[in-house]
Amino acid sequence: MTKQSHDHNFKNLFLDFPKETLEWFFPQAQQNWGKVRKVEFIRQEPKKRKLSDSSLALDMPILFFFENQQLLLWLVEFQEDKAKFSIYKLLRYTTDLMEAHPQALVIPTVLFTDRTKWRKDVVRKLETRLNDRLFFHFEYIYFKLFDFNSSDYYYINNPVVKILLPKMNYKEDKRIEVIRHAYSGLFQLASRMLFDKYVDFIDVYAQISEQEQKSLYYEIIQHKETAMLAQYIRDKGMQQGMQQGMQQGMQQGMRQGMQQGMQQGMQQGIIQSTKENIIEVLELRFGKISTEIIDKINQINDPAKLKELLRKGIQIKEIDSFRFIR
């Protein structure tokens, strides 16, 4: 992935979740100044010293307005390759923002996202002094995601944390577990639109293979707290398949008939996938179940009734055909 697309993806993450990002990386802000009332994104490029200078396109300045009306201009720089980081470039950008926004408190922050151990640290501060006289001092807030252990953040209710779990440190044999927590946490904390958007983000940065996708799905099925996520993933895949079929039908000049057929097929497909999910959940929890229960489940075609049975299958402590299906 190119550096530009890397920055673009992380910028989108901060654009969609500015308050949640602030809450995790800089909790002192709201502790000191109260809740965030308003957020603005400073999109303009910083001025160049020379026309031949390359653009400083690595940064995300966010202007926060708090309850007591104090302003915080939070400058975030994303770095996948630490060799390309320059504290001097960050200093220049910081002073430009201080000049443009003299009423704001500017907090420069750098987020290093590479999953590697470093042999040598980056420069953390710049300082010039003579005897007891300090002429210049500059430093920034520093985060390296690989310094965080993923397992320490499984139960932190913050969607940004969930999305970034695969960029943290974990043992290789815990990889699927980490990604499962990222998926399920995001599913619980974000809208369906943002879930769909940032599942792709997780897949890209975790570099999930096709085989791992299958292992991940079975891992999700095995945990009752992620059964609804498994249902959503299955239905989503079915809907995408239906949409592709609809587009092909439209190209062949059968638009009206295809739409009607797809609507019916989608409904039947969702009903069938729910039945399969109920059976899978029951077998995972209680072992092989009787053909009598399977037959009774397959005879139900009411989506609401099936949804109720899926939740019941997750919650019950023992299986009884008469009590389970009434």
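Candidates in the stretch 194-212 are the residues that are in contact with a helix residue (DSSP H, G or I) (Cβ under 8 Å, 6 or more places away or on another chain) and open to solvent by 50 Å² or more (accessible area, probe 1.4 Å); of these, the one that is modelled with the highest pLDDT is Lys197. Of everything in the stretch 101-138, what is touching a residue at least 12 places away in the same chain (Cβ under 8 Å) and more than 29 Å from the chain's Cα centre (by Cα)? Give them in sequence order. Of everything in the stretch 101-138, those that are touching a residue at least 12 places away in the same chain (Cβ under 8 Å) and more than 29 Å from the chain's Cα centre (by Cα) turn out to be His101, Gln103, Ala104, Val123, Lys125, Leu126, His137, Phe138.
Give me the residue from the stretch 84-132 that is exposed (fewer than 15 other Cβ atoms within 10 Å of the Cβ) and either part of a strand (DSSP E or B) or touching a Ser or Thr at 6+ places or on another chain (Cβ under 6 Å) (or both) and, out of that set, modelled with the lowest pLDDT. Only one residue tops the list, namely Leu105.
Within the stretch 140-150, how many residues are part of a strand (DSSP E or B) and in contact (Cβ under 8 Å) with a residue 24 or more places away in the chain? Qualifying residue count, the stretch 140-150: 4. Against the list (1) touching a Lys or Arg at 6+ places or on another chain (Cβ under 6 Å); (2) assigned to a loop (DSSP other than H, G, I, E, B), the condition Asn157 fails is (1).
Here Ser215, Ser184 are screened, and the one residue that is part of a helix (DSSP H, G or I), open to solvent by less than 40 Å² (accessible area, probe 1.4 Å), modelled with pLDDT under 90 and closer than 18 Å to Ala230 by Cβ is Ser184. In the set (1) part of a loop (DSSP other than H, G, I, E, B); (2) under 10 Å from the mean Cα position of the chain (by Cα), Phe195 fails one condition alone, (1).
The values are calculated or read from the model by the stated rules, or taken from the named source; none is laboratory data. Keep in mind that this is a model prediction, so the values were computed, not measured. Glycine also receives a Cβ, built like all others from the backbone with ideal geometry; neighbour counts cover every protein chain displayed. The protein model used for the area step is the full one, side chains on, heavy atoms only, and it has no ligands, DNA or RNA in it. Shrake-Rupley method; radii C 1.70, N 1.55, O 1.52, S 1.80 Å.
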